[in-house]
1. Any chance you could tell me what percent of the C-alpha pair distances in the stretch 1-98 go past 21 Å?
2. Two decimals, Cα atoms only, Kirkwood Rh: what is Rg/Rh over the stretch 50-178?
3. Test of the criteria: in the stretch 1-33, which trypsin sites (Lys or Arg not before Pro) are in a DSSP loop and have at most 10 other Cβ atoms within 10 angstrom of their Cβ?
4. Per-residue ellipticity at 222 nm for the chain, helices alone: DSSP H runs ≥ 4 residues times -39500 (n - 2.57), over residue total, nearest 500 deg cm²/dmol?
5. Based on alpha-carbon centroids, what's the gap between the stretch 209-252 and the stretch 73-136 in Å, whole number please?
6. Restrict the search to the stretch 16-102; then list the GluC sites (Glu not before Pro) that DSSP places in a loop and that have at most 16 other Cβ atoms within 10 Å of their Cβ.
7. Restricting the count to DSSP beta bridges whose residues both fall in the chain, what percent are antiparallel, rounded to a multiple of 5?
8. Stick to the Cα atoms of the stretch 70-138, pair each with every other, and give me the Kirkwood hydrodynamic radius in Å at one decimal.
Amino acid sequence: MKAIGLMSGTSADGVDAALVEIKGKGLGCKVNLLSFKKFPFPEGLQKLIHKASTPEYGRVDLICHLNFLIGELFAGAAIGVIKKTGYKMEDIDVIGSHGQTIYHIPESRKISGDITGIPSTLQIGEPSIIAERTGVMTVADFRARDMAAGGLGAPLTPFAHYLLFKGGDTGKAVNNIGGISNLTFIPAGGGLDNLVAFDTGPGNMLIDSIVNIITKGKMSYDNDGKIALKGKICERLLEKLMAHPFIKKNPPKSTGREEFGYNEALNIFRITKIYRLSDEDIVATVTGFTAKSIAESYHRFILNKHHLSEIIICGGGAENPAIIKMIKNYMKPIKVNTSDRYGFPPEAIEAIAFAILGYATVIGIPSNLPQVTGAGKKVVIGKIIKGKGQ
């Protein structure tokens, strides 16, 4: 089976598209990456998505427009990723699309007066457009079914992490550092039911936001960690950041822009005035928060029960030398490598994961993990939009 995975993370800067070949059946299958490409969003779209994701500024008409516009861009990415591969759309069996998260509410909260909202989530990027433009069966809206079954709707990638990295005689962890960081621990010889996985806290999101604030919008991220590497971590501020309630919370747990987005970065920036830090020190400290919160998750929730020999880093954070350097320092003597070592580019893993999740849906395999999301049972996740002639 050949599958395409489409992903746009919390940075909302474009679509990651992966074409994979899946050989074999079920949990014994092997996944080969055939093509991976990044498709940047048009200028200005990132700001619109972030605006739509903010309760103070999001509008229903904007979200309505973006749903279809992003669907077109995702469809274009699916078509674009197979160019020059020798394959045609007729060769593709399924497209798995994560879509673009607008808002994620994993726990109940009051909406207004006596009305309490139930856990909910919203990803946009209309899958009907993807199926119509490509002619390929498209699976999307993966998180909703897990939440309907009582789960947090995240993280969902551990199922794919297991298929990609299972095996070996030692325990290993896959740590995706996107906007949010999440880990998947795979015990030696363990199966899906033995995985431990959860969101650890901020990934690149806070770093990107703080850089944007400091540079007054001239920069949107710390390229190659250069700013952080020039600075020094303020341990007093880092200790304050590490007191965030989410860091101490026991798994299963999930978080997002609602806790570690631009507003949190603004709060942190205001606090830095007390410490009279340079811009470089601020970025170094926020980068340290990402690294130390990741390390704290291993020390609190993994190493107290399991043997861990290696951490495999993937996602955009794998391209930030400052984050990697800090994680290695906090996790000594455990080996820290990137997924390149296993033949998968770090930035391709999440797109590959949604190709795998789409595959699991069409063959009827449950791919949520109740011990990870807190769902009451295993369920087949995702909604299917049939393609041409299906």
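Where a number appears in this text, it was derived from the coordinates with a stated rule and is not lab data. Model, not experiment: these values are computed from the prediction. Note that we place each Cβ from the backbone using ideal geometry, even for glycine, and neighbour counts take in every protein chain shown.
1. That fraction is 41 percent.
2. A ratio of 1.04.
3. Passing sites in the stretch 1-33 are Lys25.
4. About -11500 deg cm²/dmol.
5. Cα centroid of the stretch 209-252 versus Cα centroid of the stretch 73-136: 29 Å apart.
6. Answer by residue number: Glu43, Glu56.
7. Here the share of antiparallel DSSP bridges comes out near 70 percent.
8. After inverting the pairwise mean of 1/r, the radius is 14.0 Å.
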